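**Student:** Have a look at this one.
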């Protein structure tokens with residue numbers, strides 16, 4: 001029986017492989033064309049000599065990397081960028097975990113609506129959200145206008161907008177919905193019975209979170225950090 005059915009197995013496997021290639025082919029081409037090729041092009045250009053106005057001279061050199069690693073200005077900019085990114089990632093996790101936990105384990109009927117609202121916040125443009133913070137923190141924004149109206153200050157506070165805290169606030173506002181969605185997705189695999197059993201055994205909410213929720217949702221946390 002096995003020998004008789006063996007000849008039909010190979011064609012079936014070939015058909016499945018062809019189907020997989022046909023289904024994944026367009027996505028692979030799209031990802032390769034939109035991400036992989038520009039990345040390779042950028043990597044190649046990083047070893048070429050810049051000639052100004054976005055042009056490059058096709059001469060191989062390591063001067064770009066040596067300058068980036070030794071120039072104090074570049075090092076300062078890199079530290080500022082990585083520092084703001086790290087603070088934004090940590091702030092998104094700190095704010096996203098309670099929201100994701102509430103949606104996953106406290107909401108029942110309103111869970112889909114809460115997730116819809118989180119996703120709906122992603123529909124607005126990146127630039128629109130940045131401009132919204134400008135109208136709040138800017139020279140003639142809501143905060144400065146209110147403080148001047150009540151006589152608390154005499155002129156606008158420029159540090160509200162032109163500061164690292166303003167950039168960090170905008171970053172958190174932009175990336176927090178992604179963090180909530182990733183953490184909520186990871187928490188879907190955590191059974192409520194585990195939390196109830198931990199409470200029955202005398203574990204505090206903080207201990208339950210650190211021993212159960214955090215380890216089991218670590219994949220979502222890593223995705224959010226990335």
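Where a number appears in this text, it was derived from the coordinates with a stated rule and is not lab data. Keep in mind that what you see is a predicted model, and the values were worked out from it rather than measured.
**Student:** Distance between Cα centroids, the range 92-143 to the range 147-162: provide it in whole Å.
**Tutor:** So the separation of the two Cα centres works out to 26 Å.
**Student:** Provide, for q = 0.09, 0.10, 0.11, 0.13 Å⁻¹, the log10 of I(q)/I(0) from a solvent-free Debye sum over equal Cα point scatterers in the chain.
**Tutor:** Rounded to two decimals, the profile gives -0.71, -0.84, -0.95, -1.11.
**Student:** For the range 66-167, calculate the relative contact order in percent as a whole number, restricting contacts to Cα pairs under 8 Å that are 6 or more residues apart.
**Tutor:** Answer for the range 66-167 is 14 percent.
**Student:** Same structure, new question: Counting pairs of alpha carbon atoms under 8 Å apart in space and at least six apart in sequence, what relative contact order in percent does the chain give?
**Tutor:** Relative contact order comes out at 18 percent.
**Student:** Could you tell me the distance between the Cα centroids of the range 19-61 and the range 192-216, to the nearest Å?
**Tutor:** 47 Å
**Student:** Okay, helix-only estimate at 222 nm for the chain: each DSSP H run of n ≥ 4 adds -39500 (n - 2.57), divide by all residues, round to 500 deg cm²/dmol; what do you get?
**Tutor:** On the way: 11 runs with 152 residues, N = 226.
So the helix-based figure for the chain works out to -21500 deg cm²/dmol.
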